[in-house]
Amino acid sequence: MLPCLTSQEIELFGLAMPTQGVLAFAGAVLGHAAFVRVALRRGRLGRAQAELAGIVGLLAAIAGGHLLAVLQQPHMDGAVWAHVIRFQASLGALGGGALALTILGRRWRRSVAALLDTGALAFAWGWPLVRLGCALVHDHMGRSSNGPLAVAFAGGGRYDLGVLEWLASLPLLVATVWLARRDPPAGVLAAAFGLAFTAARLPLELLRVDDLSSLANRGSLLNITALCIVVAVAMNLLARGSVVR
């Protein structure tokens, strides 16, 4: 099993700061920087538009991730509301950012497929840091297991979905950067990223609960629906001819 590595706080400049918040902020900064750099290098946007699109896409990703995470909660009592600001869902973040870039691309009369490519690369860079925070605070617990990818908690082995998604995000980042450097036709990078992300994310839904018959709970059902939308968008990018130079 994997060792149980935990870090609730990081000391920075003499201040104890929450690990998850620090890493989420670092991931957001890295993702934004990657977006702006790619947008400028490939000449799709000017400096002002690149910065604006990066910020709007980031804020939309945060809003989308927060909204989906809140919708997944089976009930919202006082204890849940006390921590509601921390809720984030990767699929909601992916969808929120993609929607914002689509709207901006149409408004600015820019290639939506090209903007989605840039957003996919930015997401690939930032998300490992965000999920590392989840992996270190263990806030996405899954089924009990003694398998090699389970975490050796004090109370027994259990899958940690944050750890698993963080592990999956690393090869996904490498593959996305590799493909981006080969300058594929517009839309290919976003489509490939969406399909790869879905392939990595879907198995986690099977590990969310101990009883697989309960798979159709609110959280899993919403996530599976979101994954289907990601696949549909990816296939649409490929089918509509946006991948033709």
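The values are calculated or read from the model by the stated rules, or taken from the named source; none is laboratory data. Source: prediction; values computed, not measured. Neighbour counts run over all protein chains shown; Cβ positions are idealised from the backbone, glycine included. Calculation scope for accessible area: heavy atoms of the full protein, side chains included, ligands and nucleic acids excluded. Shrake-Rupley method; radii C 1.70, N 1.55, O 1.52, S 1.80 Å.
Hey, could you check the stretch 84-116 for residues that are part of a loop (DSSP other than H, G, I, E, B) and within 16 Å of V70 (Cα to Cα) and say which is modelled with the lowest pLDDT?
Our first condition is that a residue be part of a loop (DSSP other than H, G, I, E, B); within the stretch 84-116, this holds for 87-89, 109-111.
Going one step further and asking which of them are within 16 Å of V70 (Cα to Cα), we end up with 87-89.
Working: F87: 74, Q88: 79, A89: 85.
Looking at residues that are part of a loop (DSSP other than H, G, I, E, B) and within 16 Å of V70 (Cα to Cα), I get F87.
Among (1) free of Cβ contacts under 8 Å to residues at least 24 places away in the same chain; (2) open to solvent by 40 Å² or more (accessible area, probe 1.4 Å); (3) not β-branched (V, I, T), which single condition is A154 missing?
(1)
Would you tally the residues in the stretch 105-145 being without any contact (Cβ under 8 Å) to a residue 12 or more places away in the chain and open to solvent by 50 Å² or more (accessible area, probe 1.4 Å)?
Final tally of qualifying residues: 3.
Hey, any hits in the stretch 176-191 for a residue that's outside any helix (DSSP H, G or I) and free of Cβ contacts under 8 Å to residues at least 12 places away in the same chain?
Within the stretch 176-191, one or more residues are outside any helix (DSSP H, G or I) and free of Cβ contacts under 8 Å to residues at least 12 places away in the same chain.
Listed here are the residues, each with its yes/no results for (1) at pLDDT below 95; (2) under 11 Å from the mean Cα position of the chain (by Cα).
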position	(1), (2)
T118	no, no
R131	yes, yes
A135	yes, no
S144	yes, no
L149	yes, no
G155	yes, no
L161	yes, no
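Being surrounded by fewer than 13 Cβ atoms within 10 Å (Cβ to Cβ) and closer than 12 Å to L202 by Cα is the filter here; which residues of the stretch 221-236 pass it?
T225, C228
Looking at A69, A34, can you tell me which residue is touching a Phe, Trp or Tyr at 6+ places or on another chain (Cβ under 7 Å), surrounded by 15 or more Cβ atoms within 10 Å (Cβ to Cβ) and over 17 Å from A120 (Cβ atoms)?
Details: A34 fails: over 17 Å from A120 (Cβ atoms).
Unique residue meeting the criteria: A69.
When you scan the stretch 195-234, how many residues do you find that are aliphatic (A, V, I, L, M), assigned to a helix (DSSP H, G or I) and at pLDDT below 90?
Summing the residues that are aliphatic (A, V, I, L, M), assigned to a helix (DSSP H, G or I) and at pLDDT below 90 in the stretch 195-234 gives 6.
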